[in-house]
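Some notes on the structure that comes next.
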Amino acid sequence: MMGRGRVGRLVRALGERREALLLALAALALAATFLGPGVQALRPQLELVVVLDITQSMNVVDASVAGKPVSRLAAAKLALEHLLDALPCGSKIGWGLFTEHRSFLLLSPIEVCEHHRELRDELRRIDGRMAWSGNSEVAKGLNSGMQIAKALDAQPALVFVTDGHEAPPINPRYRPNFSLARGDVRGLIVGVGGETPLPIPKVDPLGRPLGEWGADEVLQIDPRSQGRGGSVSGEQMADDDERIVAPLPGASPGNEHLSSLREGYLELLASETGLIYVRLAGEASLANILAEPALESSLARPAPTRVDLRALLAAAAALLLLWPLLAAWRGARTGRRARTTRDASHHAR
């Protein structure tokens, strides 16, 4: 009986000091947030290596941002910066570039929140002045980008951003092979540019404009189709058994000095590599595409991720502080209902 009496007194004492107890628990919860508590959990995590085409056709102004015309490269960089801002903490991203026939890794994937400034600044520094050749061998650059993604420890998904303009053109019978099997690398091919062929700006190594590329300044057909050199100067030879092969999608012999998005060609490359082709359609489009649940789940991989508990503790503290007010509100509401019931009973009598 004495034990029950002590328990009863303790319960009554706690009830009388409920507000002080709730205040103390709220203070403890808030104090715990300063310790940065967290737990490890397996969560789907996006890890991307983005390879950006910086060849001269990417300087064509046929994209727009906020209604203003911009170059393909500028539009792609703005979309990537928007993606960087939109990715949730824990995601990782790295930058690379493509020019001539190779892709190069500038920055291995790192966590987007902790290294946001470094990632943003490095992206903003990427431009056409980093290119050392006028060639734009897209298929070879894509193959090189896939090799980079495959060689990294975490094997991140590849995001290859390009307009698909091959320069010089390639012979459909002698296309470069991909060194990896279809599906070995996950990722996207992102097409940039408009559908109308436009002149390609010409720039010097410092990025200063030099006009536009003319028809007589670029190869209009692939080098193989020009034939083999003969024993007589200027003589050309051709094989009798050469089969007529349909040109690649987007090829435009005689107009290769003009450029547009080679969407059909990029879709062909995507089907051959197992990558997914998407088209850049605005500053937020790439972030929206990667946020789609089906696509995100196909690119993300389970990874140990630290789950921050500070928000949960802060919410618990707020609830503890508001509890007395909620209790008082519920009591007042119950009292009003009881008075209403009594008044109704009195009038009935």
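The values are calculated or read from the model by the stated rules, or taken from the named source; none is laboratory data. As the structure is a computational prediction, the values presented were derived from the model and not from experiment. Backbone-built Cβ (ideal geometry, glycine too); neighbour counts: all protein chains shown. Please note that ligands, DNA and RNA were not included when accessible areas were found on the heavy atoms of the full protein model with its side chains. Shrake-Rupley method; radii C 1.70, N 1.55, O 1.52, S 1.80 Å.
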Spin-label pair Val39/Glu111, simplified geometry with 7 Å Cα→Cβ offset, distance in nm: 1.9 nm
Please list, ordered by chain and number, the residues whose modelled amide H lies under 5 Å from the amide H of Val203; skip anything fewer than 5 residues away on the same chain. Leu210
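If each residue of separation counts as 0.36 nm, what is the full-extension length gain between Leu319 and Glu292 once their alpha-carbon separation is subtracted? Mind dumping the intermediate values first?
Details: separation 27, 0.36 × 27 = 9.72 nm, distance 3.35 nm.
Value of the extension gain: 6.4 nm.
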Measure of exposure for Leu319: accessible area at 1.4 Å probe, Å² rounded to 10, is 100 Å²
Peptides ranked, highest mean first, by Cβ atoms within 10 Å: ranges 257-263, 20-26, 87-93: 257-263, 87-93, 20-26
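Using a Förster distance of 56 Å, how high is the FRET efficiency between Leu180 and Ala20, based on the Cβ-Cβ distance and rounded to 0.05? Each step should come with its number before you reach the end.
Details: r = 66 Å, r/R0 = 1.18.
Efficiency at R0 = 56 Å is approximately 0.25.
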Return the sequence-ordered ³J(HN,Hα) values of segment 98-112 in whole Hz as given by the Karplus equation 6.51 cos²θ - 1.76 cosθ + 1.60 applied to θ = phi - 60°, using x for Gly and Pro. 10, 7, 6, 10, 9, 9, 10, 8, 8, 8, 5, x, 9, 5, 6
For a Förster distance of 51 Å, can you work out the FRET efficiency between the beta-carbons of Ala66 and Ala27, rounded to the nearest 0.05? 0.60
With a 1.4 Å probe and all protein chains kept in place, how much accessible area does His101 have, in Å² rounded to the nearest 10? 70 Å²
Per residue of segment 64-74, in order, report the coupling 6.51 cos²θ - 1.76 cosθ + 1.60 (Karplus, θ = phi - 60°) as ³J(HN,Hα) in whole Hz, putting x for Gly and Pro. 9, 9, 6, x, 9, x, 9, 6, 4, 5, 5
With a cut-off of 13 Å, note down the residues of segment 72-92 whose backbone N falls inside the zone around a label point 7 Å from the Cα of Arg301 toward its beta carbon. 92
With R₀ set to 56 angstrom, the calculated FRET efficiency between the beta-carbons of Asn171 and Ala284, to the nearest 0.05, is 0.90
The set of residues whose placed amide H lies less than 5 Å from the amide H of Arg279, leaving out same-chain residues fewer than 5 positions away, is Gly191
